[in-house]
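Below is one structure; the comments refer to it alone.
The values are calculated or read from the model by the stated rules, or taken from the named source; none is laboratory data. It should be emphasised that the depicted structure is a prediction, and the values quoted were computed from it without experimental measurement. Cβ atoms come from the backbone with ideal geometry, glycine included; neighbour counts cover every protein chain shown.
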Amino acid sequence: MQATNGSAGSHRRGRVIGCTMALVFALSALIFMPTAANATTTTQVLALGDSITFGYTAEKFGINKPNEAPVYFETGPSDNFVKSWLSRVAEIGPGIVTVNSACPGETTNGFIGENLALGGEVSTEPATLTGIQGPGDAHPCAYANVGGLPLHNSLSVGGQTISQLEDAISVLTSNAGSPAHPVDAITLNIGANDQLAAIKECETEVATEFGTFFVAKQPHAPAPGEKLYGPLNGNPAHDVPIEKEAALSCIVGKALYVTGPHIVAQVQDIIGVLNSPAAGNAIAHGIPIVFLAFYNPESFILPGSDGLQGYTNSIVKSGIEAMGPASGNVHWANPYLTINKGNAIVEQNNICRYTEECNPNVQVVGGEPVGKDGDIHPSAAGDALLGKLLNEAYLAPAI
């Protein structure tokens, strides 16, 4: 699944570490908007998402710990998108800045937050910094609000925590139509941490079932005469493979029937809010939203996950298209088609080139494949690729 969960100390999956109300949060934009020198127009790119957009990698985090200043993470896809954009000066004004509101580890729930008027939910779980946000946790940005780690763009106003969606509303309502600080593009990547959370849930559920009942209820209880081996049955040759098979079956089921549909609904809500007249009206201001789809760095760690990732990309894109004119400003950038292409050798080489999975400094002890089980986040080459794809999608017609 795409490398987006960037909570502190995590490497991959669960180890790898997102109207009247608009007026309430409008003041937050004043904190972050640059002063236009000599009344020169400054174009803004509003970057929204999780650790991918933030520019996080486990190695950068570890090297700079405990000084995790955002300046060390300013090489992400949106930064590279701006560089690509600047190479075509005729497309933009004389100045451009990135307002990066991304939060490592953010899920779609945290991105929207607990504001019911925006489609948010009241949390039924406490806000925690565990690397994976539970399905009942809609608190915004645990990376900052629980872990106390700094962001590029603070998600708070007057000491009150706000979500990325609320912050985006404040930027859009204050500046979208401003002649001095227009917002000319929004980049968005969100949903990969929902997938990572589902993987962790399945691994935990299956391990508990084997440890308690010696069989897995995932994906089904054993049929008459069927024997599923557990970790304590005295047959080591069967223990791990059967348990892993059960976990993979659980992951497939959640992806198809729970996580995938949830991501689609949340992405539709986010785009709908950004394009609504009372909450920014990006579409009316002609602001393109460039959605960065998911790649799969764990193709050889989770067998069969390529198919699931391709399926998730397809239903998210179809869900956006199903919104009709309400999503007429959304452009689609799909790194899966570049990173996860070719035969097994080509794909593994792509993963090693474009992600940190093969970085020897961040390998998981005992991980498989050996030497290729590191950090799912993009490498420098990966950030450059994602920035290029964002720019190409921006220049291409909307989906």
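Tell me, which residue of the range 335-362 that is surrounded by fewer than 19 Cβ atoms within 10 Å (Cβ to Cβ) and part of a loop (DSSP other than H, G, I, E, B) is nearest to the chain's Cα centre (by Cα)?
Selected residue: LYS341.
Could you say which residue among ASN80, ASN100, ASN67 is at pLDDT 95 or above and not aliphatic (A, V, I, L, M)?
Every option except ASN100 fails the conditions.
Show the residue pairs that are 6+ apart or on different chains and have beta-carbon atoms under 9 Å apart, the first residue being within the range 117-134 and among the polar types (S, T, N, Q), the second being exposed (fewer than 15 other Cβ atoms within 10 Å of the Cβ).
Close Cβ pairs (under 9 Å, with a partner that is exposed (fewer than 15 other Cβ atoms within 10 Å of the Cβ)) amount to SER123/GLY136; THR124/GLY136; GLN133/GLU125.
Taking the range 370-392 as the region of interest, how many residues are part of a loop (DSSP other than H, G, I, E, B) and under 16 Å from PHE54 (Cα atoms)?
The qualifying residues number 1.
In this structure, is TYR229 of a type outside the set (A, V, I, L, M, F, W, C) and at pLDDT 90 or above?
No, not satisfied.
Within the bounds of the range 43-57, is there any residue that is of a type in the set (Phe, Trp, Tyr), touching a strand residue (DSSP E or B) at 6+ places or on another chain (Cβ under 8 Å), at pLDDT 90 or above and in a loop (DSSP other than H, G, I, E, B)? Write out each step before concluding.
Going through the range 43-57, the residues of a type in the set (Phe, Trp, Tyr) turn out to be 54, 56.
If we keep only those that are touching a strand residue (DSSP E or B) at 6+ places or on another chain (Cβ under 8 Å) too, we end up with 54, 56.
Of the ones still in play, those that are also at pLDDT 90 or above are 54, 56.
Restricting the remaining residues to those that are in a loop (DSSP other than H, G, I, E, B) gives 56.
Within the range 43-57, one or more residues are of a type in the set (Phe, Trp, Tyr), touching a strand residue (DSSP E or B) at 6+ places or on another chain (Cβ under 8 Å), at pLDDT 90 or above and in a loop (DSSP other than H, G, I, E, B).
Part of a loop (DSSP other than H, G, I, E, B) and under 21 Å from ILE271 (Cβ atoms): is that true of PRO140 in this structure?
Judged against the criteria, PRO140 is a match.
Just checking, which of ALA237, ALA265, ALA197, ALA255 is exposed (fewer than 14 other Cβ atoms within 10 Å of the Cβ), in a helix (DSSP H, G or I) and at pLDDT 90 or above?
Unique residue meeting the criteria: ALA265.
Sort out which residues of the range 300-312 are at pLDDT 95 or above and surrounded by 21 or more Cβ atoms within 10 Å (Cβ to Cβ), and write them in order of number.
Passing the criteria: GLN309, THR312.
It is to be established whether one or more residues within the range 363-381 are closer than 26 Å to ALA265 by Cα, within 20 Å of the chain's Cα centre (by Cα) and either at pLDDT 95 or above or surrounded by 17 or more Cβ atoms within 10 Å (Cβ to Cβ) (or both).
Within the range 363-381, one or more residues are closer than 26 Å to ALA265 by Cα, within 20 Å of the chain's Cα centre (by Cα) and either at pLDDT 95 or above or surrounded by 17 or more Cβ atoms within 10 Å (Cβ to Cβ) (or both).
Does SER327 meet the test of being surrounded by 14 or more Cβ atoms within 10 Å (Cβ to Cβ) and either hydroxyl-bearing (Ser, Thr, Tyr) or modelled with pLDDT of 95 or more (or both)? Walk me through it before giving the result.
On the way: surrounded by 14 or more Cβ atoms within 10 Å (Cβ to Cβ): yes; either hydroxyl-bearing (Ser, Thr, Tyr) or modelled with pLDDT of 95 or more (or both): yes.
The answer is yes for SER327.
Condition check ((1) over 18 Å from the mean Cα position of the chain (by Cα); (2) closer than 24 Å to TYR336 by Cβ) across all residues:
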residue	(1), (2)
PRO126	yes, no
GLY134	no, no
PRO140	no, no
VAL183	yes, no
GLY191	no, yes
ILE199	no, yes
CYS202	yes, yes
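Residues checked against (1) at pLDDT 95 or above; (2) not polar (S, T, N, Q):
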| site | (1), (2) |
| --- | --- |
| SER84 | no, no |
| GLY95 | no, yes |
| GLU106 | yes, yes |
| PHE111 | yes, yes |
| THR128 | no, no |
| GLY134 | no, yes |
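Which one is modelled with the lowest pLDDT, of the residues in the range 136-188 that are among the hydroxyl-bearing types (Ser, Thr, Tyr) and crowded, with 24+ Cβ neighbours inside 10 Å?
From the range 136-188, those among the hydroxyl-bearing types (Ser, Thr, Tyr) are 143, 154, 156, 161, 163, 170, 173-174, 178, 187; that's our starting set.
Adding the requirement that they be crowded, with 24+ Cβ neighbours inside 10 Å leaves 143, 163, 170, 187.
Working: TYR143: 93, SER163: 97, SER170: 89, THR187: 97.
In this case the residue turns out to be SER170.
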